[in-house]
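The structure appears right after this line, and notes come after that.
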Amino acid sequence: MKRIIYILFFTILILLGFWFLSRGFLIHWLIEKKANAFCNRNASEFYIGDVRFLGLRTIQISDILLKPKNGDTLLTICKIEARVNLPELFLLRRRLSRLSIQGLNLNLQKLSVDSANYLFLFPKPEKNSSQSEVRDREHFTFYEKADNILGTIFSYLPKETFLLNINVNANLLGECFQVKADSVFIKNRRFKTQICLNIGEKQNFVNVEGKVSRRQKTFFCAIYKSSPDKVQIPYLKTRWGTKIEFDTLKISLDSSIYEGDLIRLRLKSQINGMILENKRISSKEVGLEKISLDLYVKFGNDFVCVDSSTSVEFNQIQFNPYVKYDRTQNKIVSIKVVKPVFEAQDLFLSLPRGLFNNLQGIKVKGGLSFRFYLRVDMENPDSIEFDALLKRHDFSVTQYGNTNFSMLNDAFEHVVYENDDTVAVIVTDVSNPGFVSLDKISPYLWHSIITSEDGQYFTHKGFIPDEIKNAISANIKNKKFARGASTISMQLVKNVFLNHNKTITRKLEEALITWLIESQNLCSKERMLEIYLNIIEMGPGIYGVKQGAQYYFNKDVSKITLPEALFISSIVRRPKKFKYLFGPDLKLKPFMDGYFRFVSGKMLERGYITQADYDSLKPEVSLTGPAKYLLSVAVDSIAKIGRAH
């Protein structure tokens with residue numbers, strides 16, 4: 001027995017001696033093997049100057065270089081020292097007790113969307129990949145993804161990390177910026193440093209501090225300015241047309257809990273003094289004093305969910321959203337928000353600075369409550385479920401802000417712009433010879449426009465939920481904005497109070513102003529329709545139905561016939577394209593027969609026309625006004641093109 005023990009002892013001693021004498025060679029061979037495999041897989045070049053051991057458990061690697069083949073150098077590092085935790089090593093765990101990196105230089109170069117010196121790090125799947133490989137890549141579980149991310153962040157995090165002389169230089173699609181840090185220390189789970197951020201000629205000094213726990217899988221990071229200027233996030237402006245600046249940003253992962261096939265995370269974020277610029281959101285700079293998120297996120301095998309324990313604070317408004325993406329059977333997206341009664345003034349005080357200009361300074365009293373529900377089967381959009389309601393509770397407006405919306409009841413000047421130039425000024429009163437009261441407009445005309453544009457105009461309160469639902473469904477199926485859900489009330493608000501920039505916030509302001517006008521009965525439906533019919537575009541440089549009747553049919557608007565009314569209603573959405581409704585023979589194209597029958601059928605159902613009107617209707621109109629000359633020119637041009645071919 002003693003002999004066996006001696007043999008084992010000396011064998012271990014010999015192995016340890018062999019390891020001690022050859023460990024430098026072995027670790028160099030192992031790193032080179034891994035580096036070569038990486039380079040072959042990612043079409044890159046990886047160089048190491050020297051690898052050696054310092055003492056028993058510290059590895060030193062010097063003069064490191066990484067670059068794509070035939071591309072600019074991506075990364076150079078003067079020296080890395082990694083200290084291994086021996087007990088962890090014996091348990092085959094790849095964890096470091098200490099990591100030191102000196103002289104890290106990261107050089108990011110992106111000359112075009114498809115040309116950058118770091119794209120080799122993200123190789124695209126091979127075209128000849130087997131179906132099973134493609135299926136394996138696509139059929140991941142959300143649990144696995146979340147687990148992999150958490151594992152990557154926390155499993156390999158050393159107990160102590162020291163970064164010295166860090167320098168990042170970037171030229172991304174022409175935007176140049178530099179990030180420099182003299183030192184970053186993570187010790188006793190805490191870190192703190194100052195970063196110098198240069199974007200073009202602008203220099204910012206940014207403080208970064210926080211803490212991280214590998215065992216508890218939690219972290220906290222705070223980024224805040226240490227100079228008068230706000231902290232700007234680079235590259236967003238160039239790549240996505242978005243500029244974001246802020247005073248303070250805090251991000252944290254407060255807990256990560258594993259429960260069988262479920263991972264629960266609690267994520268927090270808060271941003272103060274934020275400024276946002278994005279033309280799709282707003283044509284103006286947007287100021288947000290405070291946004292706070294407290295997210296409870298669940299990852300299952302086939303779903304990811306933000307549950308209703310989540311809290312979102314937006315200036316003075318707080319709500320609890322529920323969002324779920326479930327692919328157990330089909331890909332289903334569910335969103336639900338229920339906001340019990342709250343002080344109505346808080347909503348208007350929370351509107352971002354630089355947006356909702358018409359509502360700035362408004363004072364209200366009473367309360368509001370809100371509910372929103374949306375469920376979409378992405379593979380069957382027609383099955384969409386939608387509901388939304390902003391409800392009043394002793395609500396009233398006590399003082400208007402920048403705009404008094406009751407102005408609709410009085411005469412006012414409506415200015416029409418095209419490409420930022422004033423093209424028309426319309427006084428909305430009969431004192432203006434170009435303005436016509438509703439009772440002087442042919443009933444055929446305004447009934448056909450209502451039927452075509454907004455069949456429920458006299459019964460809805462500004463919105464038609466079914467139309468919104470149908471619009472969402474159509475846009476999902478077309479994978480673009482293909483259909484809107486604007487009512488005549490919303491179109492009037494857009495034309496009178498707002499610009500025509502197609503931004504997200506303009507649509508929100510349009511909805512909120514429409515809700516105020518309709519819910520408070522600030523203006524009668526008849527007066528709103530009268531204004532609408534007098535200011536809508538009817539053709540090139542033609543505004544209002546009175547001008548439209550003259551332009552197309554050379555007659556007073558009170559004399560418009562049913563076929564003429566149906567024609568005018570058909571061009572409301574695209575008035576400058578009217579000539580495309582006619583064929584070479586100057587007659588309406590055949591597809592217009594379907595439009596005439598559909599709209600007139602609805603008018604008959606609602607009692608706007610008689611059965612005799614419907615039976616005698618023919619889809620025929622003859623342009624007798626100035627429009628006929630433009631139509632003749634267009635037809636002649638098309639004929640000449642046809643003869644040339």
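The values are calculated or read from the model by the stated rules, or taken from the named source; none is laboratory data. Please read these numbers as outputs of a predicted model, since none were measured by experiment. Heads up, the Cβs are rebuilt from the backbone with ideal geometry, glycines too, and the neighbour counts pull from every protein chain shown. When the accessible area is computed, the model is the full protein with side chains, heavy atoms only, and any ligands, DNA or RNA have been set aside. Shrake-Rupley method; radii C 1.70, N 1.55, O 1.52, S 1.80 Å.
The table that follows gives values for the structure above.
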quantity: Translational diffusion coefficient (Stokes-Einstein; Kirkwood radius from C-alpha pairs) of region 217-371 at 37 °C, 0.692 mPa s, in µm²/s; calculated: 182
quantity: Heavy atoms of R57: accessible area, 1.4 Å probe, square angstrom to 10; calculated: 90
quantity: Relative pair counts by distance (%), Cα atoms of region 416-486, 10 Å bins; calculated: 16, 26, 34, 21, 3
quantity: Loop-located trypsin sites (Lys or Arg not before Pro) in region 548-578, at most 14 other Cβ atoms within 10 Å (DSSP); calculated: R573
quantity: Structure-derived mean projected area of the Cα convex hull in nm²: which label, when the choices are (i) 37.6; (ii) 41.6; (iii) 44.0; calculated: (ii)
quantity: Sequence-separation-based contact order of the chain, relative, with Cα cut under 8 Å and 6+ spacing, percent; calculated: 6
quantity: Ellipsoid equivalent to region 133-288 - semi-axes via the Cα gyration tensor, in Å; calculated: 30, 23, 17
quantity: Y156 accessible area, 1.4 Å probe, all protein chains in place, Å² to nearest 10; calculated: 120
quantity: Environment charge at A424 (Cβ cut-off 15 Å; Lys +1, Arg +1, Asp -1, Glu -1); calculated: -3
quantity: Listed residue pairs exceeding 31 Å between alpha carbons, taken from K79/K237; K34/K217; K230/K391; calculated: K79/K237; K230/K391
quantity: Region 44-83-region 393-459 distance, computed between alpha-carbon centres (Å); calculated: 71
quantity: Extension gain (nm, one decimal) between N165 and N478, 0.36 nm per residue minus Cα-Cα; calculated: 107.6 nm
quantity: Loop GluC sites (Glu not before Pro), region 279-386, which have at most 13 other Cβ atoms in a 10 Å radius of their Cβ (DSSP); calculated: E379
quantity: Residue order for V423, V179, V430 - accessible surface, 1.4 angstrom probe, largest first; calculated: V430, V423, V179
quantity: Angle between the chain longest axis and helix 2-42 axis [Cα atoms, degrees, rounded to 10]; calculated: 30
quantity: The chain: calculated mean residue ellipticity at 222 nm from DSSP helix runs of at least 4, using -39500 (n - 2.57); calculated: -9500 deg cm²/dmol
quantity: C-alpha center-to-center spacing [region 557-634, region 314-384] in angstrom; calculated: 41
quantity: Charge dipole (the chain, unit charges on Cβ, about Cα centre) - positive-most of V51, P575, Y156; calculated: V51
quantity: The chain: angle of helix 465-478 to the longest principal axis, Cα-based, in degrees nearest 10; calculated: 60
quantity: Per-selection Rg to Rh, region 519-607 - Cα, Kirkwood hydrodynamic radius; calculated: 1.01
quantity: Long-range HN-HN contacts of Y543 with modeled amide H, under 5 Å; calculated: M538
quantity: Antiparallel DSSP beta bridges within the chain, percent to nearest 5; calculated: 95
quantity: Area accessible to solvent at D394, 1.4 Å probe radius, in Å²; calculated: 140
quantity: Solvent exposure ordering (accessible area, 1.4 Å, most first) of D307, D410; calculated: D410, D307
quantity: Mean separation of Cα contacts under 8 Å (6+ apart) over length of region 166-225, as relative contact order %; calculated: 23
quantity: Cα-based reach from K67 at 16 Å (exclusive), listing aspartates and glutamates while leaving out same-chain residues under 8 positions away; calculated: E32, E45
quantity: Reachable lysines from K602, criterion Cα separation under 25 angstrom, eight or more residues apart if same chain; calculated: K440, K461, K469, K525, K546, K559, K577, K587, K589, K618
